[in-house]
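Novice: First the structure, then my questions, so here it is.
The values are calculated or read from the model by the stated rules, or taken from the named source; none is laboratory data. The structure displayed is predicted, hence computed values, not measured ones. When we count neighbours, we look across all protein chains shown, and the Cβ atoms used for this are built from the backbone with ideal geometry, even at glycine.
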Amino acid sequence: MPPPETNPQRSLSDDSVGRVIADTQSPRTRESLGRDLASLGVSYGDRLIVHTSVRSLGWVNGGAIAYIQALMDAVSTTGTIVMPTQSGDYSDPGSWRHPPVPPEWVDAVKRTMPAFDPAVTPTWRMGVTPELFRTMPGVVRSNHPSGSFAAWGTNAAEIVADHGVQRIGEESPAARLYDLDGKVLLVGVGHDRNTSFHLAEYRAASTVYVEELMPLVVDGEVEWTEITEIEFMDDDSLLSLGKAFEAKNAVATGRMGSAECRLFGMRSCVDFAVDWLERK
């Protein structure tokens, strides 16, 4: 059998892979990414919530698989890796905007929406890394139809258990990771992808609340239920908050492959954000 013609960086088109290769001085590997994580300050036993642009790493031999394995190696089985694995399409179709569905479809979509299954339901618009991570051996996922998290490692089951109806509130994996003094790792992305800031929104007295419909699963069937959620900050506000946070707090910076990375304590991040939001 002849060798396959497809480059293993499967998430990108042929032209995109070519550009990534051209911009990469040497192949990134599980081992080289692990060394970069150690240089950044990641160590055995760390509990990390990770947000990633895998393309920003440069060309990686093994792609997202090697990257995730490097993360696991860096914290070891004594640590924990957490990633958001949201399924934003498990929401009220009447509120969809990108793109919307015809109004006459809404009732039919709600009536026929499959029940969320943590083992089966894919992520939506989260990128290749969280989607792959949720399927890997030893990874467990919280039971939230649209705002789930997946975790691997020593505290994984504890972190994802009993996820409440609010996506990132006090009964969420994010709150459990805060309690465990976790850290935030941003790999090739900015604070507009920093989920921990959203936990701060739930805690800030200035937060605006809204009512929305959620497709909760009751006895294996979808039951559309009105819940109270927050009105999340937009990306520009998150970036402004991130800039203010970095100006006054310890943030380790470095590179993992070609990607610019930031590593910092989740508690300092959330606590700062609560104060910042209440002062606005």
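Condition check ((1) free of Cβ contacts under 8 Å to residues at least 40 places away in the same chain; (2) in contact with a strand residue (DSSP E or B) (Cβ under 8 Å, 6 or more places away or on another chain); (3) closer than 25 Å to Lys183 by Cβ; (4) surrounded by 11 or more Cβ atoms within 10 Å (Cβ to Cβ)) across all residues:
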{"position": "Ala204", "(1), (2), (3), (4)": "no, no, yes, yes"}
{"position": "Leu216", "(1), (2), (3), (4)": "no, yes, no, yes"}
{"position": "Asp235", "(1), (2), (3), (4)": "no, no, yes, yes"}
{"position": "Ala247", "(1), (2), (3), (4)": "yes, no, yes, no"}
{"position": "Gly257", "(1), (2), (3), (4)": "no, yes, yes, yes"}
{"position": "Phe264", "(1), (2), (3), (4)": "no, yes, yes, yes"}
{"position": "Cys269", "(1), (2), (3), (4)": "no, yes, yes, yes"}
{"position": "Leu277", "(1), (2), (3), (4)": "no, no, yes, yes"}
{"position": "Lys280", "(1), (2), (3), (4)": "no, no, no, no"}
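Novice: A further question on this structure: Going by the conditions given, is Ala200 out of contact with any Asp or Glu (no Cβ under 7 Å at 6 or more places or on another chain) and closer than 23 Å to Pro118 by Cβ?
Specialist: No.
Novice: Got a sec? Which of Pro122, Pro114 is more than 22 Å from Glu211 (Cβ to Cβ), exposed (fewer than 15 other Cβ atoms within 10 Å of the Cβ), in contact (Cβ under 8 Å) with a residue 24 or more places away in the chain and touching an Asp or Glu at 6+ places or on another chain (Cβ under 8 Å)?
Specialist: Pro122
Novice: Checking the condition touching a Phe, Trp or Tyr at 6+ places or on another chain (Cβ under 7 Å) and either more than 30 Å from Arg30 (Cα to Cα) or not β-branched (Val, Ile, Thr) (or both), which residue from Pro114, Pro84 passes?
Specialist: The match here is Pro84.
Novice: Right, another one. Any idea how many residues of the range 169-190 are more than 17 Å from Ser268 (Cα to Cα) and of a type in the set (A, V, I, L, M)?
Specialist: So the count comes out to 2.
Novice: Follow-up. Can you tell me which residue in the range 106-136 is farthest from His163 (Cα to Cα), limited to those that are touching a helix residue (DSSP H, G or I) at 6+ places or on another chain (Cβ under 7 Å) and assigned to a helix (DSSP H, G or I)?
Specialist: Val106
Novice: Quick check on Ser196: is it over 23 Å from Gly94 (Cβ atoms), touching a Cys at 6+ places or on another chain (Cβ under 6 Å), surrounded by 17 or more Cβ atoms within 10 Å (Cβ to Cβ) and not aliphatic (A, V, I, L, M)?
Specialist: yes
Novice: I'm told Ser172 meets every condition in (1) closer than 22 Å to Glu223 by Cβ; (2) touching an Asp or Glu at 6+ places or on another chain (Cβ under 9 Å); (3) among the small types (Gly, Ala, Ser) except one. Can you identify the failing condition by its number?
Specialist: (2)
Novice: Six or more apart or on different chains, Cβ under 8 Å: which pairs go from a residue in the range 125-154 that's in contact (Cβ under 8 Å) with a residue 12 or more places away in the chain and among the acidic types (Asp, Glu) to one that's outside any helix (DSSP H, G or I) and crowded, with 19+ Cβ neighbours inside 10 Å? Could you list them?
Specialist: Glu131/Thr85; Glu131/Thr123
Novice: Which strands (runs of 3 or more DSSP E) sit wholly inside the range 210-280 and have at least 2 residues that are polar (S, T, N, Q)?
Specialist: 221-230
Novice: Ok, one more. Of the residues His198, His144, His163, only one is assigned to a loop (DSSP other than H, G, I, E, B) and within 22 Å of Cys269 (Cα to Cα); which?
Specialist: His163
Novice: On to the next question. Looking at the range 171-200, I want the residues that are farther than 23 Å from Leu57 by Cα and have a partner that is surrounded by 21 or more Cβ atoms within 10 Å (Cβ to Cβ) and of a type in the set (Ser, Thr, Tyr) with Cβ atoms under 7 Å, at least 6 apart or on another chain. Which pairs are those?
Specialist: Close Cβ pairs satisfying both conditions: Pro173/Ser142; Ala174/Thr195; Ala174/Ser196; Leu199/Tyr178.
Novice: Quick one: which helices (runs of 4 or more DSSP H) lie wholly within the range 6-88 and hold at least 3 residues that are at pLDDT 95 or above and under 28 Å from Arg167 (Cβ atoms)?
Specialist: The qualifying helices (runs of 4 or more DSSP H) are 63-75.
Novice: Would you mind finding the one in Gly63, Gly88, Gly94 that is under 17 Å from Gly34 (Cα atoms) and either without any contact (Cβ under 8 Å) to a residue 40 or more places away in the chain or of a type in the set (Gly, Ala, Ser) (or both)?
Specialist: Unique residue meeting the criteria: Gly63.
Novice: Which of the following residues is surrounded by fewer than 18 Cβ atoms within 10 Å (Cβ to Cβ) and either farther than 25 Å from Thr121 by Cβ or of a type in the set (A, V, I, L, M, F, W, C) (or both): Gly220, Gly190, Gly164?
Specialist: Gly190
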